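Novice: Take a look at the following structure, please.
The values are calculated or read from the model by the stated rules, or taken from the named source; none is laboratory data. Predicted model, so just to flag it, every value in this text is computed and none were measured. Because the Cβ atoms are built from the backbone with ideal geometry, glycine has one as well, and the counts that use them run over all protein chains shown.
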Amino acid sequence: MQESMFRELAELIYDMNKNPSLFIDLKGFLLGNPETSDSHDWQVWWIMLGAMPSSRMQHMTSPEITANLTNSSGSNNGGRRLLMFKSTSKMIPRIMGSYDPCLDGYTTSFYNRPDVQKALHASDGHNIRNWSICNKQIFNEWKDSMPSVLPIYKKLIAGGLRIWVYSGDTDGRVPVLSTRYCLDTLGIAYSWSLEAMVAGWLQEYEGLTFATFRGAGHDVPTFKPSSSLAFFTAFLAGKAPSSTR
């Protein structure tokens, strides 16, 4: 939903730029692990679910699995997790080695810090805004999501905007295959072929760049911060990501 709103905003800016008094110098946008087209995204999901044995699906959604995920915060979990914490440290405890169920809590604490909000120009650092990971009221009541943003992509590519899309190749929320499938339906030509990279692989179309991050899940910067920074820096510089990083 959030990604759709962002792309609709880009389209609105592009349309409003026809009025010189409202001009915003928008060069392009970068999207991570976005939902693109309901029909294509869900088709890949059904293929994935159809390939999974029913016994495996039942196991994944069992009350025991859910309870273990819910109650595993701070536990050793058979030695697979390590709780990193010092009583004298001001840093938030982190669970290293696998998925951290407290990640949303760390994010909420970070973005509600006065110095962070001031640095992001979200507040003056004194009158703090209450930031939350998700507004559940908007999430539950929102009725205006587009079923597909592919027409927006086509329009903005034709208008000369740069569009970069990236996916973590282990993302279980928006699978990389669904994103590739959606982009292929645009029918835009490749400007060059695949080039293998240590961080993942890059596929460049005319007007759109698509990259994957090897071993990253749905929130790519959480899994691959250094690669994400290099990719974001390349986008801001208007250069292709280096294949030697």
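Novice: Could you run through segment 143-163 and say how many residues are in a strand (DSSP E or B) and β-branched (Val, Ile, Thr)?
Specialist: Counting residues in segment 143-163 that are in a strand (DSSP E or B) and β-branched (Val, Ile, Thr) gives 1.
Novice: Name the pairs whose Cβ atoms lie under 7 Å apart, with the first residue in segment 98-124 and assigned by TED's automatic domain parsing to the domain that holds Cys134 and closer than 30 Å to Thr170 by Cα, the second among the basic types (Lys, Arg) and modelled with pLDDT under 90, and 6 or more positions between them or separate chains?
Specialist: Final answer for the pair search is Ser98/Arg80; Ser98/Arg81; Asp100/Arg94.
Novice: Looking at segment 113-142, which of the residues that are part of a helix (DSSP H, G or I) and of a type in the set (Asp, Glu) is farthest from Leu103 (Cα to Cα)?
Specialist: Glu141
Novice: Continuing with this model, one more query. Answer yes if at least one residue in segment 173-192 is among the basic types (Lys, Arg), within 24 Å of Leu236 (Cβ to Cβ), in the same structural domain as Leu12 (by TED's automatic domain parsing) and not in a loop (DSSP other than H, G, I, E, B), and no otherwise.
Specialist: Among the residues of segment 173-192, not one is among the basic types (Lys, Arg), within 24 Å of Leu236 (Cβ to Cβ), in the same structural domain as Leu12 (by TED's automatic domain parsing) and not in a loop (DSSP other than H, G, I, E, B), which makes the answer no.
Novice: Oh, and also: If you go through segment 129-186 one residue at a time, how many are without any contact (Cβ under 8 Å) to a residue 24 or more places away in the chain and buried (at least 16 other Cβ atoms within 10 Å of the Cβ)?
Specialist: 1
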